[in-house]
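Everything on this sheet refers to the single structure shown next.
The values are calculated or read from the model by the stated rules, or taken from the named source; none is laboratory data. Keep in mind that this is a model prediction, so the values were computed, not measured. Please note: Cβ atoms are built from the backbone with ideal geometry, for glycine as well, and neighbour counts cover all protein chains shown. We work out accessible area using only protein heavy atoms, side chains counted, and drop any ligands, DNA or RNA first. Shrake-Rupley method; radii C 1.70, N 1.55, O 1.52, S 1.80 Å.
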Amino acid sequence: MSAWFAKLNETFIASGYYRLMLDGFKNTIIITLGALAISIVLGSLIAVIRYLGEDVPAMKPIVKVLTFYVNVIRGIPVVVLLLIFYFVIMKASEGLVVGIITFGINSSAYMSELIRGGINSVDKGQMEAGRSLGMSRLQCTRRIIFPQAIRYILPAVGNELIALLKETSVAGYVAVVDLTRAGNLVRNNTYDAVNPLLLVAITYLIMVFGLDALLRKMERRLARNDKR
Amino acid sequence: MINVKDLHKNFEDLEVLRGVSVEIEKGDVMCVIGPSGSGKSTFLRCLNLLEKPSSGQIIFEGDDLTGKDIDLDQHRQKMGMVFQQFNLFPHMTVLGNLTCAPMMLKKTPKDVAEKKAMELLERVGLADKANEYPNTLSGGQKQRVAIVRALCMEPDVMLFDEPTSALDPEMVGEVLEVMKELAADGMTMVVVTHEMGFAREVSNRVIFLDEGVIVEQGTPDEIFNHPQSDRLKSFLAKVL
């Protein structure tokens, strides 16, 4: 046991590599939260436009473009997307920025689908009742549909967040020192493969467990406030 | 008040309405009867354009609702609708359900909207449920709230789409009672129903739809006591 502690000290503390690990941790959080923000904004926008545009002939081209966007993004592995953005589309940008934007865009496609799913799971009669009272489609969506859809959407957003967090582990491909990359660098420089990777894995695990617990709590609260 | 001219409605290849023309006058209580699949509900839903007619016109208070530049939302405010499945908003209290549309669309101040809602709730005997959520109500209570929700917009006409078909038998009466009072107050009503008793007793006009056309129309006495067509005779023999 004490031999292991000595090894840990050698690998992380004495070498000063704990700072690299902390930086990596910080970058993983930054990329995840930044990407989440983009994903939620972009995803909601896509979902709402596709939902509202369904019956409006003038919106058809936009809806088609958005559907195409979602399908294309979902069909390309995120690593490939990351490389394309870093080496082709955003050549002049820093890896961290490219990472935030790429993961945000990638996640937005999934996010829009799960928001759309939530909206569609609200009974059709709700929209009809609102429309029959004279509300516009937009007014109905905001006041009637969305408050009901959020109950289906929130848990799914949580799952997407967990997936997103783990996906950012490929950010190292574009020279970002995220948690995974940091651990790999330490492994490379210390010839200690076990402990850096173990630490990386445990850190992800703790974050995911934490998010999961938070989500469950939120779901319970939503269920408690559910007046149906 | 509502003039329906040669209304057609197809769902892809299926012709549900095949040329329905009818005029609904102010104060009319018109019941629409017919076998299931005859197009009754579709006909009703075309009146406020919840279903878009394939062809034909719906003239409501002088405006053609099927016209291109029509402000449908504005006209729908004057056409209340009651659904078979109630369609109350489950995330709002009863009072919230009633005041939401007037406050949003007519900019009625909250206290005025609530006062009006409470008066109407009182009339249907549900004032004590104002702060409950819809899921705590029985089917009959839900439907009465749904009627009041439509009335809160002060419509010129009320459309009822099989309002008692989803109710337990012992709750049908309380809903029909509210509708009778409404009719007695002079509200213009179009009612799609299987309640022949109600049609006979409350309506002043009955139309019998079958396979997307009006087979027969007339007063309740003409329809129920002196049916002309074989189709109506055999329908009545089954339901009465």
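Using the structure shown, decide if B:Gln57 is out of contact with any helix residue (DSSP H, G or I) (no Cβ under 9 Å at 6 or more places or on another chain) and not β-branched (Val, Ile, Thr). Working first, answer last.
Working: out of contact with any helix residue (DSSP H, G or I) (no Cβ under 9 Å at 6 or more places or on another chain): yes; not β-branched (Val, Ile, Thr): yes.
Answer is yes for this residue.
Inside region A:119-158, residues that are open to solvent by less than 30 Å² (accessible area, probe 1.4 Å), more than 8 Å from every other protein chain (Cβ to nearest Cβ) and assigned to a loop (DSSP other than H, G, I, E, B) make up a count of 1. Just checking, which of B:Asp156, B:Asp185 is surrounded by fewer than 19 Cβ atoms within 10 Å (Cβ to Cβ) and touching an Asp or Glu at 6+ places or on another chain (Cβ under 8 Å)? Criteria check complete, one pass: B:Asp156. Residues that are away from chain A (no Cβ under 12 Å) and outside any helix (DSSP H, G or I) within region B:125-142 comprise B:Gly125, B:Leu126, B:Ala130, B:Ser138, listed in sequence order. I need every pair where a residue in region B:25-52 that is more than 14 Å from chain A (Cβ to nearest Cβ) and among the charged types (D, E, K, R) has its Cβ under 7 Å from the Cβ of a residue that is open to solvent by 10 Å² or more (accessible area, probe 1.4 Å) and in a strand (DSSP E or B), sequence separation at least 6 or different chains. Within 7 Å, the pairs are B:Asp28/B:Arg205. For region B:68-124, taking the residues that are assigned to a loop (DSSP other than H, G, I, E, B) and among the hydroxyl-bearing types (Ser, Thr, Tyr), the one that is farthest from the other protein chains (Cβ to nearest Cβ) is identified as B:Thr108. May I ask you to say which residue of A:Leu45, A:Leu66 is under 30 Å from B:Lys68 (Cβ atoms) and open to solvent by 80 Å² or more (accessible area, probe 1.4 Å)? Testing whether each residue is under 30 Å from B:Lys68 (Cβ atoms) and open to solvent by 80 Å² or more (accessible area, probe 1.4 Å) leaves just A:Leu45.
Only one entry in B:Lys116, B:Lys129, B:Lys110 is open to solvent by 10 Å² or more (accessible area, probe 1.4 Å), free of Cβ contacts under 8 Å to residues at least 24 places away in the same chain and out of contact with any strand residue (DSSP E or B) (no Cβ under 7 Å at 6 or more places or on another chain), namely B:Lys110. On the basis of being touching a helix residue (DSSP H, G or I) at 6+ places or on another chain (Cβ under 9 Å), within 13 Å of chain A (Cβ to nearest Cβ) and of a type in the set (A, V, I, L, M, F, W, C), does B:Val145 make the cut? Considered against the rule, which asks whether it is touching a helix residue (DSSP H, G or I) at 6+ places or on another chain (Cβ under 9 Å), within 13 Å of chain A (Cβ to nearest Cβ) and of a type in the set (A, V, I, L, M, F, W, C), B:Val145 comes out as yes. Taking first residues from region A:159-184 that are outside any loop (DSSP other than H, G, I, E, B) and partners that are surrounded by 22 or more Cβ atoms within 10 Å (Cβ to Cβ) and of a type in the set (Asp, Glu), the Cβ contacts under 7 Å between residues at least 6 apart in sequence or on separate chains come to A:Thr168/A:Asp178; A:Ser169/A:Asp178; A:Ala171/A:Asp178; A:Gly172/A:Asp178.
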